[in-house]
């Protein structure tokens, strides 16, 4: 639906509207409009400005970030138009502004804006612009809040997802279950999209699956289990075998299996009477989904009811030629319970000769996060898939990334934002950004240069300086040089426009990029900071400007 | 736009669609649909079920919560219909399900669902249902995820806003500035709406202002300041006086005032040359908004540049019959800077006899939260308004509320969800809930009873029991009794439907309810828990059911 209408530009084909129809030019801070008026009043609104969008610090006490949200930004500017209805509303908010201003507002679009950006899904670092936006100052200013609101959370949750993948390992299935705990509906949809980008395998969110083609997963809840009283409720007990050759009374088959398990040599005495409500729910669920039976086993008691009941149903399915998927644990000591469940499954395999039963899938959920998965790994567990909700989508460990949007040049004049806090000083000038690779193929350092400086060359020694710390500098001989900022919206320039890849392609790129990083940057404990630098020329210029702009203190 | 189309029911008039058009029945977890199929296959889908929506623990280490999100839930069910296009998609996700099920899905709506809820904006407590939803189990199950996603964040951010209001005090202006740090665009819109509900005065978010009629505020950013080079850029220097009687060269007037301030008796020597870029930006902004001049003063140096520049412009405006609004501080030691700025303003008032200049508004922003405002209060400050973003909208201190949706009855049979963690045991039965008030007008206790029990009576002694702790009980003689759950969607019952009040009315109600609470429940440090209880009869029933359902352990 959101994909329907589209404006485009001549060089790159049509760009669909933003996924969320609420993303319009009015989804911004009022001061963008009051500033636009002040620029317009001063005759400055067409001044050519360059803004950098960047962040200052990697989240989650880590040393990397994944860039997300670019496609939505490009969709936003491709369709940027303030409607007459919106203008009417703005007139009520800014009643003292002149008519000419509102006429100007209704005329603007982003045809003379240029956007250069690092491709979505790249591993990125503090201070290096994720996006460089150039255009008439009043228009570019109007993009600030929407861009920040589209990039901040997207990048944060993609990074969070990637961190969960790193700690869980490549062999585990990661499922995003956060819709109900996200910041409202669209927070949930963004969470699903960007968790998938960051390396998750699937989501429970049907709408997100539909919008973005993400695999969707789901089984049943505790309520489903407790909605059943007992097996008497099941009226249609017949199950046809998978090859269609025979039909059975599935309820009796399940009941027989439960008795056999109870009496089996390895499991005798490990459990007594199981919950009949649970057994009825599992049986019903298996009758509905004989090909994909996965049961939530912790409504009453995992080892004394849930797992035995599951096994009875799974063995009955096996008789009929179906293979059950496995179980989900949603409470308790997941390490212990997964290990005990695995033992139970192996005992079944052994006692009844059902090949592969021991490998039945174990999914764990319940307030999981990086730390708990790390703890499970250390303790030892038998979990095959993690369902992660609250901590993933709310980014509990750090709820905001803090991207900023800073003016770095206006009318070809470089601008700097000073601050007593040196981490808040902006890096002035319209810049180019490169990633330099070393002999072993790892990225070594990102470097920013002035726009007119020659680009770094393979095999040529280059001085890389810390932007603010005089003593931090190093020579690098790059084995490979990648220009980071690519043209995603050419405006009136003659650059061609980068294509917007599919979510699936971005996800693949993201996984590849994470693999390519030197492992010590990526580890959870005391990761090594990746180096971000400026050229010698840019370094000198920053410090010249700094001294020029900063007021001289007087000690009194 | 979102307000346009509407379905309604016969008794209560039309209910608009959800504010966010992405809120459709597919915005849910897949397991709601797989369960619906399993219910349908088992012929159980029409079983009459009762679910409670509640939370288990107050957020932010506090002892109260504000209920938000009800209106959006009612909008959702009033318009609940699965479209043919959505059905088509579901068929691809659940390819093994029978046609009859999809025919059933395309036929359902919420006409036979009943929703009882505590009014939005009420102070609420753990375990007491915020909403009780009754209807065919398959349909009500489909409401779980959307309801949770509409209520969880709404209630959390409303509560967070109310907590910020409590610590800031009633006399301060509270401005919500969080759009750029929220969980994407809709997170931002929800944050603005529910911050206002919780007692904020205004938002920077234009779209939210438009959708909900919230006052909108905004001035200019650091980029605006650094986009100016100097006063030479201002080409149209003329300002007409407020009464239209004369016109001046405003730039010269500002320059003259700056010299006069520099030489004034109280301020001589406190600052030297101010930033000309900043002075030009302020002057331009004042020319654009002479009636509402508010300047961001920390781009270069607050006391040596920003405040003197502001005062020069404000005094020039004063000459022309305009009253400046004040300044905004966005960095540094806000306590110190606000106090120093206030002194500066008073010195201006004294030296130049401008009555009221000392009372000029001081707005503070920059990563503010409950703790920092509390610290500012203790230190002493001169801030009149707080602009709060990240910490408010991301609910940094606790990023999720954790509402749950539990089956409490099916086909008139009470259901309980057990757990080894007693706080996770659900309270079974279709219940009524009351708030009992004491002599001094404060709410004393909330009590849940079975549906058929007589309601508590004014002046009659009643035993209130803790639902799980045998020894915690107390007699109460209520001076007033309020039934909490009111009918917001009558379904096929004969109840009449409560009106949905405006956001402004809910906000007023919320402020009144907060005022009515006993202060020790509301304090920041060691607040007293508010008592939540059950009737003696319900207590006995819970514990009868518990013993019946829980498996008996065996010590080995």
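All of the numbers you see were taken from the coordinates with simple rules; none came from a lab. None of the values given here were measured: they were computed from a predicted structure. No Cβ is skipped: glycine too gets one built from the backbone with ideal geometry, and neighbour counts run over all protein chains shown.
Some observations on this one:
- Relative contact order, whole percent, for chain A stands at 18, derived from Cα pairs under 8 Å and 6 or more residues apart.
- Whole-angstrom gap from region B:279-320 to region A:215-293, using each part's C-alpha centre: 75
- Region A:337-366 and region A:424-472 have their alpha-carbon centroids 53 Å apart.
- Region A:256-411 - share of DSSP beta bridges that are antiparallel (%, nearest 5): 0
- Paramagnetic reach from residue B:505 in region B:47-75 [backbone N under 17 Å; point 7 Å along Cα→Cβ]: B:68-75
- Degrees, to the nearest 10: B:30-41 long Cα axis against longest axis of chain B: 20
- Between copies, residue B:472 shows label-point distances of 5.1 nm, shortest first, with the point placed 7 angstrom from Cα along Cα to C-beta.
- Summarising the strand pairing of chain A, around 70 percent of its internal DSSP beta bridges are antiparallel.
- Classification of the protein assembly as shown by its C-alpha gyration tensor yields a prolate form. The axis ratio a/c (a ≥ b ≥ c) is 1.5 or more, and a/b outweighs b/c.
- Spacing of the modelled spin labels on residue A:266 and residue B:340, each 7 Å from Cα toward Cβ, amounts to 7.4 nm.
- Label spacing, shortest first and in nm, from residue B:260 to its equivalents in the remaining copies (7 angstrom along Cα→Cβ): 10.0
- Residue-averaged beta-carbon neighbours from other chains (10 angstrom radius) around B:35-45: 6
- Sites residue B:495 and residue A:423 - FRET efficiency at Förster radius 56 Å, r taken between beta-carbons, to 0.05: 0.40
- Once the chain from residue B:109 to residue B:543 is taken as fully extended at 0.36 nm per residue, the excess over their C-alpha distance is 152.6 nm.
- Between helix B:276-288 and chain B: long-axis angle, C-alpha atoms, 0 to 90°, nearest 10: 70
- Angle in degrees between helix A:307-319 and the longest Cα principal axis of chain A, rounded to the nearest 10: 80
- Taking the number of Cβ atoms within 10 Å of each Cβ as an exposure proxy, the fewest-first ranking of A:197, A:22 is A:22, A:197.
- Among B:83, A:341, B:283, a tally of other beta-carbon atoms within 10 Å of each Cβ gives an order, fewest to most, of B:83, A:341, B:283.
- In the protein assembly as shown, the calculated helix contribution to ellipticity at 222 nm averages -11500 deg cm²/dmol per residue, counting -39,500 (n - 2.57) for every DSSP H run with n ≥ 4.
- Mean-position separation - Cα centroids, region B:94-147 and region A:49-88, in angstrom: 36
- For chain B, a/c is not less than 1.5, where a ≥ b ≥ c are the root eigenvalues of the C-alpha gyration tensor, and a/b tops b/c. That puts it in the prolate class.
- Ranked A:487, B:510, criterion: other C-beta atoms within 10 Å, fewest first: A:487, B:510
- Calculated label separations, residue B:422, copies of the chain, 7 Å along the beta-carbon direction, nm: 5.6
- Cα gyration tensor, region A:390-507 - rounded (a/c under 1.5), prolate or oblate: rounded
- Antiparallel %, DSSP beta bridges [both residues in the protein assembly as shown], to 5: 70
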